[in-house]
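A quick write-up on the structure given underneath.
Rule-based calculations on the coordinates, nothing more; no lab input. All values derive from a computational prediction rather than experimental measurement. When we count neighbours, we look across all protein chains shown, and the Cβ atoms used for this are built from the backbone with ideal geometry, even at glycine.
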Amino acid sequence: ARDGAAQIVLLGSPKDQPACAEVAAGIAGGAVFNLAGSTSLAEAIALIAGSAAVVANDSGLLHIASALNRPVVALYGPTDPGHAPPFSDLAASLSLRLACAPCKQRECPLGHQDCMVKLTPELVWHSLQPMLPQP
């Protein structure tokens, strides 16, 4: 979205809507569509199939993107990146491997969520960029 040409679609369940709204608010430039809780699974799959790339947490949508052979960066915070990684040549797993992770908890027992918060856009871009077609 840095050059304003990218369209970003945020997907997830209704419970993901607030987190996706926070992500959307932090993205400057480009078109951002928060569709969390607004799509069926079939619609989400169609959006992923038509995407240029996918950035996803350890979730079913991550594995759908991998199965559809989309370039994907898998974000692992409280989960173990070795447990169920994406199986694709166009996938990169990103984990900070903090001392407190993987705790496998939905809520951070230490109250900071550093394992996800410190996965910066720059780290994600560095992993994703080599998988994208070059102009």
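From the helices alone, meaning DSSP H stretches of at least four residues, give me the mean residue ellipticity at 222 nm for the chain, per-run term -39500 (n - 2.57), in deg cm²/dmol to the nearest 500.
Computed ellipticity for the chain at 222 nm equals -7500 deg cm²/dmol.
Semi-axes of the equivalent ellipsoid for the stretch 40-128, please: Cα gyration tensor eigenvalues, times 5, square-rooted, ordered largest first, whole Å.
Ellipsoid semi-axes (Å, largest first): 24, 14, 12.
In terms of modelled amide H atoms, which long-range or inter-chain residues lie less than 5 Å from the amide H of ASN34?
It is LEU10, by chain and number.
Using DSSP to call loops (not H, G, I, E or B), can you name the chymotrypsin sites (Phe, Trp or Tyr not before Pro) in the stretch 30-135 whose Cβ has at most 14 other Cβ atoms within 10 angstrom?
Those that pass, being in a loop and sparsely packed, are PHE87.
If amide hydrogens are placed 1.01 Å from N in the peptide plane, which non-local residues have theirs closer than 5 Å to the one on ALA91?
For ALA91, the qualifying residues are VAL72.
Running a GNM on the chain with Cα contacts under 10 Å, which residue among GLN113, GLN105, GLN17 ends up with the highest mean-square fluctuation?
Among GLN113, GLN105, GLN17, the largest mean-square fluctuation in the Gaussian network model of the chain belongs to GLN105.
Restricting attention to the stretch 38-135, which GluC sites (Glu not before Pro) occupy a DSSP loop and are surrounded by at most 10 other Cβ atoms within 10 Å?
GLU107
Tell me, in nm to one decimal, what length is gained between GLN129 and ALA6 on full extension, where the rule is 0.36 nm per residue of separation less the Cα-Cα distance?
The GLN129-ALA6 span can extend by a further 42.9 nm.
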